[in-house]
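Engineer: Dropping a structure here in structure tokens format, bear with me for questions.
Each value in this text was obtained by applying a stated rule to the coordinates, not by laboratory testing. Just so we're clear, the structure is a prediction, and the values are computed from it rather than from any experiment. So basically every Cβ, Gly included, is an ideal-geometry build from the backbone, and we count neighbours across all protein chains shown.
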Amino acid sequence: MSSSTAVICGSVYVLEDNIDTDQILTAEYLKVNPSTPEGYAQLASLAMCGLPEDALPFIDPQSGKSKYSIIVAGKNFGCGSSREHAVVALGASGVKAVIAQSYARIFFRNCVATGQVLPVAAADRLCEQLQTGDQVEINIAQQTIKILKNDRYFTSEPVGELANIVAAGGLFAYARTTGRIK
């Protein structure tokens, strides 16, 4: 995915402010090894396992993955601990991007380092504009987020080279593909 051509479309799962890494993946699952196919699949099936019991299901029990490829949230997404497993669980479940007003710094950094999920920052509070299941289109080059049901457009902050780093599979993979490390 080149940042100049990237478009991410999909169904959204809508959350509010201060979604922490314990809601994304509870601490008891940090022992799961994401570098094995079994561990990666297990993390996929556990994404968002820390949400309240009355929350809409995030994972489809039949597939073990999410039918939502984009998470939309408010402020301070990914706060809490520094666990990379939370980002990996989201990516493994099928999430391609998170749109939030702001991110916890370490969560944002883990998105880039692992290459699992593209963090997109939006000035507007899209968690109040959307409902779970709505379809959106993120255009990286144009810095727009389009709500497909009503053709409303919102702007995102520039993603720049982050899109290429995430598309490459993280910092080390990107450095290898660009010849910066062997």
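Engineer: Starting with the highest mean, order 124-134, 17-27 by the number of other Cβ atoms within 10 Å, averaged over the residues of each peptide.
Structural biologist: Packing proxy ranking, top to bottom: 17-27, 124-134.
Engineer: Follow-up question, since we're still on this one. Please give the residues of the range 41-78, grouped as numeric ranges, whose backbone N is less than 20 Å from a label point set 7 Å along the Cα-to-Cβ vector of Cys9.
Structural biologist: Once the point is set 7 Å along Cα→Cβ of Cys9, 66-72 turn out to lie under 20 Å by backbone N, inside the range 41-78.
Engineer: How big is the dipole moment of the range 1-132 about its Cα centre under a simple scheme where the beta carbon of each Lys and Arg is +1, that of each Asp and Glu is -1, and everything else is neutral? Debye, nearest 20, please.
Structural biologist: 440
Engineer: Can you list the aspartates and glutamates whose alpha carbon is less than 14 Å from that of Lys149, not counting same-chain residues fewer than 8 positions off?
Structural biologist: Asp134, Glu137
Engineer: Any aspartates and glutamates with Cα under 17 Å of the Lys75 Cα? List them, leaving off those in the same chain fewer than 8 positions away.
Structural biologist: Within reach: Glu16, Asp17, Asp20, Asp22, Asp124, Glu128, Glu157.
Engineer: At a 10 Å Cβ-Cβ cut-off, how would you order Lys31, Lys149, Lys182, fewest neighbours first?
Structural biologist: The fewest-first ordering by Cβ neighbours comes to Lys182, Lys31, Lys149.
Engineer: Report the local net charge at Ser81: Lys and Arg +1, Asp and Glu -1, summed over other residues whose C-beta lies under 14 Å from its C-beta.
Structural biologist: Once positives and negatives cancel, what remains is -1.
Engineer: Mind jotting down a quarter of the surface of the convex hull over the alpha carbons of the range 93-135, in square nanometres, one decimal?
Structural biologist: Mean orientational projected area (the range 93-135, Cα hull): 3.5 nm².
Engineer: Near Lys65, which lysines are there with a Cα under 18 Å away, not counting those fewer than 8 places off in the same chain?
Structural biologist: Leaving aside lysines fewer than 8 places away in the same chain, those within reach of Lys65 are Lys96.
Engineer: Could I ask something else about it? Binning at 10 Å from 0, report for the chain what percent of all alpha-carbon pair distances ends up in each bin.
Structural biologist: Percent of pairs per bin, in order: 10, 40, 37, 12, 1.
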